[in-house]
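Student: Submitted below is the structure of interest, expressed as structure tokens.
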Amino acid sequence: MIIILIAAAPVAHAQGSGTITGRITDRATGAPLGDARVTLVGVQRDVRTSETGQYRLTAVTPGMARLRVLRLGYAAALDSAVVTAGGEVTVDIALTATITRLDQVTISATGATERQRETGNSIAALRTDSIPRVIVSGVNDLLSSRAASVTVTQTSGTSGTGSRIRIRGSNSVSLSNEPLVIIDGIRSVTDPGGSTISLGGQNPTRLDDLNPDDIEDIEIIKGPAAAALYGTAAANGVVQITTKRGKSGRTRWSFYGDGGRVEDVFDYPANFARVGTRPSGARTTACTLVDVADNRCTPKPDSLVHWTPIEDASVFVRGWRSNYGLSAAGGTDRTQYYLGGDYTREQGVYSNNSVRKQGIRANITGQLSPQAEFSAKLGYHQVRARLPQNDNNDLSPIANSVLGSAFDNPDTRGYIFYPPALYSQIGVDQAVDRVTASLNGTWRPLGWLSATGLGGVDYAGRSDQSVLPPALIAGPDERTLGQRQSNPYGLWTYTGNANATATWRPVASIEANSSLGTQFNREIVHGTQAFGQGLAAGTGSLGGTTSGFAVNEQNQEIVTLGVFAQQRIAWRDKLFLTASLRGDDNSNFGQDLEFVTYPAASLSWVVNEESWFPRTNLVSSLRLRAAAGQSGQRPGFRNAVTFYNTIAYRRAGSDVGGVELANNVGNATLKPEKSTEFEGGVDLGLFSGRASLELTAYRKTTRDALIQRNLPPSTGAATRYENLGEVTNNGYEASLQATLVDTRPVRLDVNVVGSTNTNRLVTLGAGVDTIFFGLGALDGNFAQRVAEGHPVGGYWQTPYTYADANGDGIITAGEVTLGNDVTYLGAPLPSREMSITPSLTIFRRVRLTALLNHRGGFKIYNAGGEFRCAVFVRCQEAYAPGSSLALQARRVAGLLGTSAGYIEDASFWKLREVSLTFDAPGEWARRLRSSSLSLTIAGRNLATWTDYTGFDPEINYNGTSNYSTAEFFTQPPVRYLTARVALGW
């Protein structure tokens, strides 16, 4: 279509051009509106207003020009003017405030901007200036609990560790379920492991390398219906991050500085014991209630003792955080710039847990000519982190405490293995140097035709290092020799996009947009891992090791080439039909597969703009929308190919190098997993724009899910990946924004988002057995399973019942009855979530905001509680008379071989954030030679309400893993109490 239009274009163009200038203001107050987008309708060209509301459009073709003005929080406005060659016309426009988001601008997969009314998909857009950034320590905090169907799980309270992100559930059994992340148009490096040295379960995520104060907005494309044009990477959704840009006008400087405390406020459980006498007369400190009931022990009076090593002989330190940033933004009509720098330090609650971040960013946008524009963005981020051992680890101070003794002792102070001074001497150091660079250009050779090209790279140089000093751990443990690991890695992701869009009108009432494009992505991972032990005293490098040498090297390259086409038809700017198709080839596909296609279509109808729609204050706007689409996820590196491992064997009395078939054999027909999604919804503007309600329903089916099939021994290999599985995710979403009170002294706004999700494994494929994984339970099997007809990763154990038959207040083995078979107990991921964010503004100077979050409909395996109670017998209910019968029963059931009592309801409410901001009067700011001054006091992780009996229902011993979920001696969330001062001039 574009080629035909180009061929038909006239050779001659109108000579000369004109200029449109003006000012954009708030209709109610007359105040100027900065950062409003003024667009030439039909020309795909726009400018932004300065802080004084001024704009200037040059090189406008003479004739009638139509302007559209868009700004977040305001209704769109249209105006027109007659432009003459060499002339200048002024068009001032006033905007009316509204909460509805019909005309909110987002960035599409083609790189072009589009209004939400133009697409039939639900896209969540987060403006970071509406989030008090003093209470967020990374991008994961920006995302958490702010958009429907976007679940960010804070898996640990250890500073520098990551979070798990799920958008509309989990699609894959074998591949990652993390979303695709795009930064300024280029794909972010994928580093799901985070670290090559074990920390017991936790790991960092690269998303938190970024400085939240450099981010302008985040858009969340939730599923294949909206993400089809992103191709073989977007089945799990897309998180699209746009960093700040400059504005025309004088240079505007901004400074912020904040600091505060990081606190562990959790009350750790004490270790209990009870002194008594055995029938033989022997003294014991393990006189349990069951032993008393069964006459195997006689307790001594007042002999119940307890000790909490981690608190009574604490390893904790007082944590703190400081954060500083300086930025400058400004420019002319032709060129705008944003420059920023930041420095952050955080001391966690362990002396060997700290994070230091620093970064700089330079963004520039400009107009090369009336027909050409460009943007160049460059960011550098440096992270230096020291991370402690915890979770599933014998070096974990938490595990050593809660499995320790009920008595103090001079050697270990009650810790089970090591004294408290040891833990601070062990840790993993990670150094990350990251560069994100992109260059984007737009050229409009004709008024109806634009071409866009983008290229960039995201590079992360990561080095994981650890030193275990000799003699720190006593023999016969071989770690007493001392150990050293050094694992440098480089991760590169290259992105290249090119597309062209033609805008044309077959008839006056219809506008059509036709796009063609291509995309190239290349992901490279190169790293080496080196290990040695027998560390010589006084050394800390690999050169100082003398034995146990091991070395490994990883080289990985994945290439994706895609092409796409999109056609959009708009009728009178209120009915929009879009159809698109993307085709991909990927180096991870099987050799017999050459090309995969992903179609999509959407429909959006702004019903309230029809002439027959009743004009009422109750329903001021109404949009109906529907969308369907497909997206994929490529197989993992080497899943499709047969490869070999090197071995050494003896031949003629000497070692000779050879190869053997690896465990996994290749599959020449391996395809990507393909997710198909249908969604529909309605957007309502209520009470004359004082409230907006968005409702969405979706159904997502992932077919050709990769399953690792066991092979017969005769093949010489153990497994092979095949496209066998099918997973579904169905759910509902709701988002309500409302202004409840709006008077001159007081304004009260509230934002409520909620969602549900039902995950189900339809099939694993013919001949594939149930998959067991996760932590081992007391019945000898893993606690989690991938089983047909149930959520992926669900918990399974034998249920039980109990009754205190004799009324003595003690549950014994004879009073617990196990079920006949293992049953499904619950899902590891939430099936429902709701967040409430109220915001109170008083006299336009004081703002109080909060974030209250609920998650429910899921279970968590309290493996730590089980381990300390049923195995090590350290819990209160094992010894203390009057203990809860339910807690006693689950311990006894554990002794009988089921972990069902420790797989608990994990539903919770959390007060995640509260902040109070005071915007000082102008005269206060002027005394500091600035134009603005504000003070914010804030707290994060302030309260949790739950029936869960473990540490915290959100944490996970296995960090950002796909499904493996349990609480096993993980650091609970820490509380942040901070204050920020911000200046502008």
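Student: How about region 836-919: which strands (runs of 3 or more DSSP E) wholly inside it have at least 3 residues that are farther than 23 Å from T801 by Cα, at pLDDT below 95 and open to solvent by 50 Å² or more (accessible area, probe 1.4 Å)?
Tutor: none
Student: Checking the structure you have, find out if any residue of region 247-257 is open to solvent by less than 20 Å² (accessible area, probe 1.4 Å), outside any loop (DSSP other than H, G, I, E, B) and farther than 30 Å from G857 by Cβ.
Tutor: Looking through region 247-257, at least one residue is open to solvent by less than 20 Å² (accessible area, probe 1.4 Å), outside any loop (DSSP other than H, G, I, E, B) and farther than 30 Å from G857 by Cβ.
Student: Considering region 258-277 alone, what residues qualify as being under 23 Å from R980 (Cα atoms) and in a strand (DSSP E or B)? Full working, then the answer.
Tutor: Quick first cut of region 258-277, residues under 23 Å from R980 (Cα atoms) only: 258-265.
D258, G259, G260, R261, V262, E263, listed by residue number.
Student: Return a yes/no flag: does region 732-745 have any residue that is touching a Pro at 6+ places or on another chain (Cβ under 8 Å), in a strand (DSSP E or B), surrounded by 17 or more Cβ atoms within 10 Å (Cβ to Cβ) and small (G, A, S).
Tutor: No, because not a single residue in region 732-745 is touching a Pro at 6+ places or on another chain (Cβ under 8 Å), in a strand (DSSP E or B), surrounded by 17 or more Cβ atoms within 10 Å (Cβ to Cβ) and small (G, A, S).
Student: Within region 356-381, take every residue that is touching a helix residue (DSSP H, G or I) at 6+ places or on another chain (Cβ under 9 Å) and either open to solvent by less than 30 Å² (accessible area, probe 1.4 Å) or not in a strand (DSSP E or B) (or both) and give me the one that is nearest to R245 (Cα to Cα).
Tutor: Ranking the qualifying residues of region 356-381, first place goes to N363.
Student: Next question, about the same structure. What are the pairs, 6+ residues apart or on separate chains, where a residue within region 723-748 that is within 23 Å of T100 (Cα to Cα) has its Cβ under 6 Å from a residue that is basic (K, R)?
Tutor: Close Cβ pairs (under 6 Å, with a partner that is basic (K, R)) amount to T739/R690.
Student: Looking at region 502-530, which of its residues are under 21 Å from T597 (Cα atoms) and β-branched (V, I, T)?
Tutor: T518
Student: Under the condition of being open to solvent by less than 10 Å² (accessible area, probe 1.4 Å) and outside any strand (DSSP E or B), which residue from region 157-175 is nearest to Q971 (Cα to Cα)?
Tutor: If we take residues in region 157-175 being open to solvent by less than 10 Å² (accessible area, probe 1.4 Å) and outside any strand (DSSP E or B), then G157 is nearest to Q971 (Cα to Cα).
Student: Of the residues that sit in region 958-985 and are in contact with a Ser or Thr (Cβ under 6 Å, 6 or more places away or on another chain) and open to solvent by 20 Å² or more (accessible area, probe 1.4 Å), which one is modelled with the lowest pLDDT?
Tutor: Among residues in region 958-985 that are in contact with a Ser or Thr (Cβ under 6 Å, 6 or more places away or on another chain) and open to solvent by 20 Å² or more (accessible area, probe 1.4 Å), the one modelled with the lowest pLDDT is N958.
Student: Can you report the number of residues in region 579-619 which are farther than 25 Å from N521 by Cα and assigned to a strand (DSSP E or B)?
Tutor: Here the count works out to 6.
Student: In addition: Kindly provide the set of residues from region 535-551 that are among the aliphatic types (A, V, I, L, M) and out of contact with any strand residue (DSSP E or B) (no Cβ under 8 Å at 6 or more places or on another chain), ordered by number.
Tutor: Quick first cut of region 535-551, residues among the aliphatic types (A, V, I, L, M) only: 535-537, 542, 550-551.
Within region 535-551, A536, A537 meet the criteria.
Student: Since I473 meets every condition but one in (1) open to solvent by less than 40 Å² (accessible area, probe 1.4 Å); (2) part of a strand (DSSP E or B), which condition does it not meet?
Tutor: (2)
Student: Would you check which residues across region 803-835 are among the hydrophobic types (A, V, I, L, M, F, W, C) and surrounded by 14 or more Cβ atoms within 10 Å (Cβ to Cβ) and list them?
Tutor: Residues of region 803-835 that are among the hydrophobic types (A, V, I, L, M, F, W, C), as a first pass: 803, 805, 810-811, 813, 816, 818, 822, 825, 827, 829, 834.
Within region 803-835, I810, I811, V816, L818, V822, L825, A827, L829, M834 qualify.
Student: Considering only residues that are touching an Asp or Glu at 6+ places or on another chain (Cβ under 8 Å) and not in a strand (DSSP E or B), look in region 237-246 and name the one that is nearest to A125 (Cα to Cα).
Tutor: Looking at residues that are touching an Asp or Glu at 6+ places or on another chain (Cβ under 8 Å) and not in a strand (DSSP E or B), I get K244.
Student: With V139, V173 as the choices, which residue is in contact with a helix residue (DSSP H, G or I) (Cβ under 7 Å, 6 or more places away or on another chain) and not polar (S, T, N, Q)?
Tutor: V139
Student: Report whether or not L840 is within 19 Å of the chain's Cα centre (by Cα) and more than 25 Å from S170 (Cβ to Cβ). I'd like the intermediate steps shown before the answer.
Tutor: Values: within 19 Å of the chain's Cα centre (by Cα): no; more than 25 Å from S170 (Cβ to Cβ): yes.
Answer is no for this residue.
Student: Do we find that T190 is surrounded by fewer than 24 Cβ atoms within 10 Å (Cβ to Cβ) and more than 15 Å from the chain's Cα centre (by Cα) in this structure?
Tutor: When the stated conditions are applied, T190 does not pass them.
Student: Go through region 740-786 and give me each residue that's among the polar types (S, T, N, Q) and touching a Gly at 6+ places or on another chain (Cβ under 9 Å).
Tutor: S755, T756, N757, T758, N759, T763, Q784 - these are the residues of region 740-786 that are among the polar types (S, T, N, Q) and touching a Gly at 6+ places or on another chain (Cβ under 9 Å).
The values are calculated or read from the model by the stated rules, or taken from the named source; none is laboratory data. Since the structure is predicted, the reported quantities are computational estimates derived from the model, not experimental observations. No Cβ is skipped: glycine too gets one built from the backbone with ideal geometry, and neighbour counts run over all protein chains shown. Heads up: the accessible areas ignore ligands, DNA and RNA and are worked out on the full protein's heavy atoms, side chains in. Shrake-Rupley method; radii C 1.70, N 1.55, O 1.52, S 1.80 Å.
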